[in-house]
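First the structure, in the form of structure tokens, and then the observations on it.
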Amino acid sequence: MVDFLKGATNLLASPEGTAVEGAGDTRGMTPLISHSIKTVEGVATGNVLLAASGAVGVAEDLKKNPAAKTEYAAASGAAKTEGYAPILPTGTSALDPKMLDYEAALKVLEANFDQLDLADGKKSGSLSKEELRRAANDMSLSPQLRSAARFLTENAALFERVDSSGLLARFMPVVGKLYNDDRIKLSGVRSELKRVGEEFARYGRPERPRTPKPEAETCPPSTGTPGTRPPSTGGPSPGTPSPGTPSPGPRPPTPGTGPTPGTGTGGGQGPVGGGGKPPTSKDPDFREYLDAVAVLRDNWGTFDTAAGTKDDRVTREDMAALLANPAASSTLKKAAQFFKDHPEYFDRLEMAAGIDGRDGIIGWLDVKAELELSGGGKPGTSPTKVSSARSIVDNPNMSIEDKVQAILGAISTETDAEILQVMDSMASAGEDRAALGTSDADKKKAATLDGNMRELELRLQRLLEKRKSMFDLMSNMSAKFNEMAKTAISNLRGA
Amino acid sequence: MGRVIKHEAAVAMRMESGAVQRMRSFARGEATWAEVEGMTFEEAKAIAQVGCDLAAAGRLEEARILFEGLVVGNPRDAGAHAALGTVYQKLGRLEEAIAEYSAALARDAGHPVALANRGELYLRKGERQGFTDLSNAVEVDPHGETAAGRRARALVKSITLAAVEKLKQDAQQP
């Protein structure tokens, strides 16, 4: 069976290679064989029996492992799945799209770790949450870096993931607890980047959700119509900020206006979070979260005392007590249910102000800080609209006819504001078009502007149609209500 | 009803366009047939296990068909190449076996099964490259996780012992 070994031995111990020392080097053999030869030679010269017993053992090994045994040994690492379809179809992934931002943030942090580490004047080899928070607000840093730091401070769960990531944590989860010291180390960032890459390879790379263009919704109103949307894009504010206004009032854009100078909402056009907006606003539940926080703010006292004591703090017990309370309104219950169903958002809120870490207690400052950071306190956005519609519906002094009319009236007011906005955009596009010359670049711009103008015209047409149908509806309803009333009166008269 | 049909048609068209896209990638050499067909690594591994069982039961022709299919499906799979090589080797098609091992090593230079078996075949042919392959196989599989790795280790030991014996004899002869 092993006859070929004789030939092999001759190859190995041919006359010109009697010097064993030269065997490994001159014939391209690896040091392993050369070393084995030397070792065994030493043993063999000293004890022939030992060498013989070794040979017997080897023969047994060869018998146990026959030649060409068919086995399938896949390549190691990510290469093993190369050429095969991912577990999920292309374009779908079990992973949260936020992981893309997370990966981008980690890459930026890895590349600039030393810079961030030295930001406080000393090199400690790690970054704390506080340091990251400072970096997020440090206007001297690049927008990408600020966005990356902000991303990690705003996503507590992901911060914890990097925090407990280390060389051994992947193999021994218990060791991860040792790494968890609320400080990020470079090794942790690198290890986490590798892990994220592996997750992408295994579960597919998530795709960013397609969000509708926000320009139409967030354009700053130029007419100053009361009740219209305030600027929310983080750009220079054309309106007058009203710092003294309480929370329901219009809120100016954050940069440079609050007590924390340059909180950076208008800062980063970096890879993380899509620039000036809060990165987590891409979460599908984020809007609902902001609604829930707004409800919490507006009904702070009710939430606070839900569990029986007024201590100016809201805990999970308060939420549970509110849910169990049959007298609580559906709006409050909805908000409480949201926090119950989304513990990650509860954690986020309780750590919004950065006080006391993760202690399960939401303070008033947390709510305030969260609404300021995420822009959830801005009036004119959907929560306020919803609440104004709700206030009409819930108003006990209005008849059903009045309620319908009031709601239609509110909608038509919004349509009017939108029409004005579109007309304003058309006017500015027309002005821009008129200012263009005849160069190639200008022609290109003109073509783009023409396209925009057509879109605006279509939108205007649609809005006008909507307005007309609204008036028709209101008019018809008025006539019907009138007719009904008249019929009722005549019936009463006849009775 | 009409709407439902329309919706289904749209979905079918989307699916069709996805398949066309994958076919185009395959034609350009960017995707494998396994990717076009949606075969995952786990599925391939299950098929390979069946092939190994067939080969162990002596049903080599059937095992060959399975592994040839796997190799065609994903030529980038070094494991499938190496497994096919072992089947060819057992069938006595040694040149094809060496070609498959070499293909496996082209994709994964440290594949223990390909290294060990090709090393042994080279030694049978009297080629010195066999030593290098065998010793590399021992290096990449130091704990003998694969049968090929364990065999490579035994072969290296055996050759070493025999070589030492021969050297001793040569030294004793005048």
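Coordinate-derived values only; no laboratory data. Values in this document were obtained by computation on a predicted structure and should not be read as measured data. Ideal geometry is used to build each Cβ from the backbone, glycine not excepted, and the neighbour counts take in all protein chains shown.
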Legend entry - Non-local Lys pairs in the stretch A:393-494, i.e. 8 or more apart or on different chains, that have alpha carbons under 30 Å apart: 8
Inset, instruction - Any aspartates and glutamates with Cα under 17 Å of the B:LYS168 Cα? List them, leaving off those in the same chain fewer than 8 positions away. - result: A:GLU16, A:GLU21, A:GLU41
Inset, instruction - Rounded to the nearest 10 degrees, what's the angle between the helix B:2-27 long axis and the longest principal axis of chain B, both from Cα atoms, 0 to 90? - result: 30 degrees
Inset, instruction - Evaluate Rg over Rh across the stretch B:109-174, taking Cα atoms for both radii and Kirkwood's formula for Rh. - result: 1.09
Legend entry - Charge sum, other residues only, whose C-beta stays under 11 Å from B:ALA106's C-beta, Lys/Arg counted +1 and Asp/Glu -1: 0
Legend entry - Acute angle (nearest 10 degrees) that the helix B:112-124 long axis makes with the longest principal axis of chain B, alpha-carbon atoms: 50 degrees
Inset, instruction - Could you estimate the translational diffusion coefficient of the stretch B:38-93 from the Stokes-Einstein equation, with Rh from the Kirkwood formula over C-alpha pairs, at 37 °C and 0.692 mPa s, in whole µm²/s? - result: 300 µm²/s
Inset, instruction - As a check on your grasp of the helix formula, calculate [θ] at 222 nm for chain B: sum -39500 (n - 2.57) over DSSP H runs of n ≥ 4, divide by the residue count, round to the nearest 500. - result: -26500 deg cm²/dmol
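What's the Kirkwood radius of the stretch A:284-385 in Å, using all Cα pairs? Please report the intermediate quantities before stating the final value.
On the way: mean 1/r = 0.0746 Å⁻¹.
Every distinct Cα pair counted, the radius reaches 13.4 Å.
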Inset, instruction - For every other residue with a beta carbon closer than 13 angstrom to the beta carbon of A:ASP138, add +1 if it is Lys or Arg and -1 if Asp or Glu, then tell me the sum. - result: +1
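Per residue of B:21-34, what is the mean number of Cβ atoms on other protein chains within 10 angstrom of that residue's Cβ?
What the average comes to for B:21-34 is 1.
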Legend entry - Mean separation of Cα contacts under 8 Å, 6 or more apart, over the residue count of the stretch B:109-174: relative contact order %: 29 percent
Legend entry - Alpha-carbon Rg/Rh ratio, for chain B, with Rh computed the Kirkwood way: 1.21
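Cβ neighbours within 10 Å, averaged per peptide: list B:105-118, A:452-465, A:288-301, A:148-161 in order, most packed at the top.
B:105-118, A:148-161, A:288-301, A:452-465
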Inset, instruction - Count, for each residue of B:83-96, the Cβ atoms from other chains sitting within 10 Å of its Cβ, then give me the mean as a whole number. - result: 2
Inset, instruction - Enter the per residue convex hull volume of the stretch A:393-494, computed from alpha-carbon coordinates, in Å³ rounded to the nearest integer. - result: 94 Å³
Legend entry - Gained length - A:ALA446 relative to A:SER187, 0.36 nm times residue gap less alpha-carbon distance: 88.1 nm
Inset, instruction - Using Cα pairs closer than 8 Å and at least 6 residues apart in sequence, work out the relative contact order for the stretch A:284-385, in percent. - result: 29 percent
Inset, instruction - From other protein chains only, count the Cβ atoms within 10 Å of every residue's Cβ in B:43-53, then give the mean. - result: 3
Legend entry - Residue order, fewest to most beta carbons within 10 Å, for B:MET23, A:MET99, A:MET319: B:MET23, A:MET99, A:MET319
